[in-house]
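Following: one structure in structure tokens, then a few remarks.
The values are calculated or read from the model by the stated rules, or taken from the named source; none is laboratory data. This is a predicted model, so every value here is computed, not measured. Note: ideal-geometry Cβ built from the backbone for every residue, glycine included; neighbour counts use all protein chains shown.
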Amino acid sequence: MKSVSATDTLIPVPRNGKDAVRVTVSPETVLFKKSTAVQTATVRVTVADGDTDVPNTAFACSVPASLTVIEDGLAWYSVRAGANAVDINIMSAAGSTPGRALPFSVTYGGKTENRKITVRTVSDGEPGADSVRYWLKGSVTQVVRDALGTCTPSSVSCTALSQAGNGAATAASGVVTKFARRRKTFITVAALYTCGNAVTVGDGDIAVEFYLYRNDVLVDTLTIPVVDSGKPGERGRNGRLPVPYGEYDPAISYTATDLVAPFVLQEGEYYVMNKSVTVKGVSPKADYAANGTDATWLHMEFFRAVYAELLMARLGLIGKAVFYDEFMFSQYGRKNGKEVNYSGGYDIPTDAGGLFDPNIVINFLTGALRCRKADISGNINADSGRIGALAIRGNDLVGLVDGVETVRLGIGNVTDVTKAFETRSHEFTMTSTDRDCTTDVEMTRFGYHSGTARRPGEISENRDDGSYTEDTTLSCKVSFKLDSAVVKVEFGRFDVGYNTRSGSFRGTAKGTARLYRVSDSTRTKVSEWELEEQSARDHEVSGLAAGNYEIDISAWLVPAAGTVSEWWGETVFYATAIWVTSGVLSGGKTEIARDGFLCYQGETRYLFFSKGKGLEVKFGNHGLKVGANGVQKLVSGTWKDINS
């Protein structure tokens, strides 16, 4: 073997046949946007051994020293060099659109390599298309039926509209409209409807409903209710609803809005707020005396028809009687030794520690009655008996009609209207006589019963002989029993659908539900409605009597027009829940209690006031509530802020 001397020249040999040195430029391409702002980018240059990314510190590299020359909107504006790596910072001038290659060189171990950095300009993508909104617009908001059954207007119609983005609304195209008639106990099957055509309101209709579909998907509904006209009340002077606040207290803040106004009693006179403000410590009597009709507080002589019919918490009137805590007494009597025989002269009775001695006073806590004159006939007892048509029951006077309580005057707490009826889930069963159809009903973890029916089906076309097979219809029965009459029954999310096992299907699932009352072998139809995929509405039936009920379900698949599906899977029916609403108060009833009153004619027609909960009025789909949450209105069955 030849030995190596100090004067010999050593030649580096690459390992494993690979280059001993590799120069890396990352990234080799820099992207700038078309922009008026200055943009920067950083490129790193490294020298490494072989094909690794480990820098070789035995080498050095260099880049151009002139870094401030601007060419085509570009500048080399800084270089941070190390022993084996260099960061080159590139900047674009404001408003430039650079697109070129920037050359530079790298020197290492006495060797120079020429490299370049490519600079390109990119643009943002084009904006997407505007979304389109579809909706229905009715010819009227409601139909009014008078006492003779005449409807005004006699017919209704609707139009379908669409709007692209923020553009103008136009007549919708490519849509399908249907309509149905809602009756007291059922709703008719939806029929095709041509927009603009008149639909005559029938004698039994309580509403006309329109449905808008696009691509077989329900996109909007419109309900035009039919309401019975009532006798108009007296027109209020300023449109505000007076709300009783009892005796005036200078330490209390009183707030009036454009809709409600507190009214109070001060020194035997009533005053109501006349402006939408909040006041505290403003004496109603002094304010009215100084400012007249422009005062914040107006004298109640302008509102006799109002305050004669409203109950106040203390020293309030019902008819000609005055109420104070547990006492009811007359307006006339004696005060400070003088006869009081004029309106508004009464005060706190002597029985409650006051100075006014009424002609008659009743303590509804103890049952004590004191009066100056009495003409009593019949049997009167502290615990039983009658006074005219009123029966004495404990500390209450109760009015009975055919044995049913319709009026109660007492010292207890008024029945909370929110507890006058309750809604609960109801148990049901499901069966089917279809071949291979399975049904399943279970109690969910949320506490209500839910059921499902499934049946195998197929849609196919034999391409050899042209025969066509469509076997997707599912039939089943939902059964339930009512032990007593109920206010209403809601069939929550009765939907139809399908599961695909093989092939594909283009179309939608459809179905019908028919509700029957069953007595022995007789079945009486009560209601019928259409079933859809993922229905957004629950079906409701009102006033069902006690008994057995069955719902015949039929579901099937409808392929889209012009398509032929090769499909095998399951047709599915979902019975998510049945909800039953029972009335704790049956029929009509009026209560007057120590803390409020209630006039109740059903869950959608009542007037309720209590000292703790405030005022609540509901008439059909309309309602007003004044309480701890402010002033609210009823919108589609939901209480919302009056200004929403």
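Inspect the stretch 329-337 for any residue being at pLDDT 75 or above, aromatic (Phe, Trp, Tyr) and not assigned by TED's automatic domain parsing to the domain that holds ASP440 and give the result as yes or no.
yes
Within the stretch 616-636, which residues are free of Cβ contacts under 8 Å to residues at least 60 places away in the same chain, assigned to a strand (DSSP E or B) and not basic (Lys, Arg)?
The answer is VAL617, PHE619, HIS622, GLY623, GLY627, GLY630, GLN632, LEU634, VAL635.
If ASP130 passes every condition in (1) in contact (Cβ under 8 Å) with a residue 40 or more places away in the chain; (2) in a loop (DSSP other than H, G, I, E, B) but one, which one does it miss?
(1)
Do we have any residue at all in the stretch 295-302 that's surrounded by 17 or more Cβ atoms within 10 Å (Cβ to Cβ), modelled with pLDDT under 95 and touching a Leu at 6+ places or on another chain (Cβ under 8 Å)?
no
On the basis of being surrounded by 13 or more Cβ atoms within 10 Å (Cβ to Cβ), in contact with a Pro (Cβ under 6 Å, 6 or more places away or on another chain) and not hydrophobic (A, V, I, L, M, F, W, C), does GLY507 make the cut?
It is true that GLY507 is surrounded by 13 or more Cβ atoms within 10 Å (Cβ to Cβ), in contact with a Pro (Cβ under 6 Å, 6 or more places away or on another chain) and not hydrophobic (A, V, I, L, M, F, W, C).
For residues in the stretch 253-294 being among the hydroxyl-bearing types (Ser, Thr, Tyr) and in a strand (DSSP E or B), which is surrounded by the most Cβ atoms within 10 Å (Cβ to Cβ)?
TYR270
Which of the residues belonging to the stretch 477-491 are of a type in the set (Lys, Arg) and at pLDDT 90 or above?
Result: LYS477, LYS481.
I'm told LYS525 meets every condition in (1) surrounded by 13 or more Cβ atoms within 10 Å (Cβ to Cβ); (2) in a strand (DSSP E or B) except one. Can you identify the failing condition by its number?
In the conditions (1) surrounded by 13 or more Cβ atoms within 10 Å (Cβ to Cβ); (2) in a strand (DSSP E or B), LYS525 misses (1) alone.
Tell me the residue from ALA593, ALA560 that is out of contact with any His (no Cβ under 9 Å at 6 or more places or on another chain), more than 24 Å from GLU247 (Cα to Cα) and touching a residue at least 40 places away in the same chain (Cβ under 8 Å), please.
Every option except ALA560 fails the conditions.
At pLDDT 85 or above and not in a strand (DSSP E or B) - does that describe any residue in the stretch 213-231?
Yes.
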